[in-house]
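Before any comments, here is the structure.
The values are calculated or read from the model by the stated rules, or taken from the named source; none is laboratory data. Fair warning: this is a prediction, and the values are worked out from it, not measured in the lab. So basically every Cβ, Gly included, is an ideal-geometry build from the backbone, and we count neighbours across all protein chains shown.
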Amino acid sequence: MHNLVTPLEKNQTFCFSCSPQVACFNRCCRDLNQVLTPYDVLCLKQFLEISSADFLNSYTEKSTGPATGLPVVSLRFKDAGDLACPFVTDAGCRVYPARPASCRTYPLARGVSRNRETGMLTEQWALIRESHCLGFRRGERQTVDQWVDAQQLADHNRMNDMMLELISHKNRYRPDPLRPAENQQVYTALYNLDRFRDGIFKKDDPLAITVDTRALDRARSSDLELLQVGIKWVINNLLEPPRGKPRGGFTGRI
Ligand code: SF4
Ligand code: SF4
C-alpha cells in the first residue's frame, strides 16, 4: 500500500469527501491499530450507555506504551482475520456520533509539540493520501479549520492536548517505568472514569485530590470535568518532581 503524507498549513485547502456511496466504503475501518485517547473512551462509553469498566472489558486491550511507559488502550478487533474495528457494520460505523478523534481527523493527521520552557503548544497538520481511499476524488475544497469544525474535533483536541502535558511530565520527572500499582492507578484515573469517580467520592476513605473544590463539584456530575480532574490527579500525584516525600507516593486508593 502506498501512502503519501503532505504537510498542510491551516489555511491551505484540500478536497475530500466520504460517504456510503464510495466503492471503498468501510475499507479504512479494517486492518488498523486503533489507539483510543481517554476522551475517546469517555465519548464511546457515554454513547453506548455502559460503564467505563464494561466498555474497557468488552471492546479494548490494554498495553504499555513503549515510548511513554504509560498505559495504552486500543480497540480489540472484531475479527482477527481482517483486523476489523468492533464497531464497523455493513451500514457503516455504529458509533459514528462518538467515533474516536483519529477517525474524525482522517484524512488529516495532527501533531502537537510543546515548548518545555513556555508550555506553548504548536500544531502541525498533514494530509495522508492512502492508495485505497477514493475520497480524494470527491467533495468540496476545504481548509483544515473547516474540517476541524465539521468533524467536531475541538473538544477532542483540547482534551488530547492536556494529555500531552501529562506525557511531558512523565518524560521529564518519571522516565523510569511506573510500578504496576502506579500503572493501574493511571489507567483508572484516565480511562476507567466511573471507578475513579467512586474512588474520589468515597465517603469513608476518599482519595485525596489537590484540585480546586469547584472543579471537584463539577466532576460529580460531568465525565468531562472528571477526566480533567483525573489528568491533574495523575500529574500531581505520580508525575511531579519530589518535594520532600517519596515520588509517586499515594494518598489514597482507587
Ligand atoms: S473514502 Fe477513504 S475514508 Fe471514506 S470509506 Fe473510503 S477509505 Fe474510508
Ligand atoms: S470507530 Fe467507526 S469510523 Fe472509527 S474505525 Fe471503527 S467503525 Fe470506523
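Couple of notes before you dig in:
- Qualifying residue in the stretch 54-61 (condition: in the same structural domain as I128 (by TED's automatic domain parsing), crowded, with 18+ Cβ neighbours inside 10 Å and under 18 Å from H132 (Cα atoms)): no
- Between L44, L108, L70, the distinction of being without any contact (Cβ under 8 Å) to a residue 60 or more places away in the chain and either farther than 18 Å from C133 by Cα or not assigned by TED's automatic domain parsing to the domain that holds D223 (or both) belongs to L44 only.
- Sole exception among (1) closer than 28 Å to P7 by Cα; (2) crowded, with 17+ Cβ neighbours inside 10 Å; (3) within 16 Å of ligand 1 (Cβ to nearest atom) for A84, by number: (1)
- Residue identified as at pLDDT 95 or above and within 12 Å of ligand 2 (Cβ to nearest atom) among L36, L56: L36
- Total residues in the stretch 118-142 satisfying the condition of being under 30 Å from L166 (Cα atoms) and away from ligand 2 (no atom under 16 Å from the Cβ): the figure is 10.
- Looking only at residues in the stretch 1-43 that are of a type in the set (S, T, Y) and more than 11 Å from ligand 1 (Cβ to nearest atom), the one that is surrounded by the most Cβ atoms within 10 Å (Cβ to Cβ) is Y39.
- If you go through the stretch 11-33 and keep only what is more than 13 Å from ligand 2 (Cβ to nearest atom), within 16 Å of T105 (Cα to Cα) and touching a Cys at 6+ places or on another chain (Cβ under 9 Å), you end up with just F16.
- Qualifying residue in the stretch 78-89 (condition: charged (D, E, K, R), on the phi < 0 side of the Ramachandran plot and at pLDDT 95 or above): no
- When Q185, Q146 are checked against the criterion of being in the same structural domain as C15 (by TED's automatic domain parsing) and not acidic (D, E), a single residue qualifies: Q146.
- In the set (1) more than 25 Å from P97 (Cα to Cα); (2) among the basic types (K, R); (3) free of Cβ contacts under 8 Å to residues at least 24 places away in the same chain, the condition left unmet by R179 is number (3).
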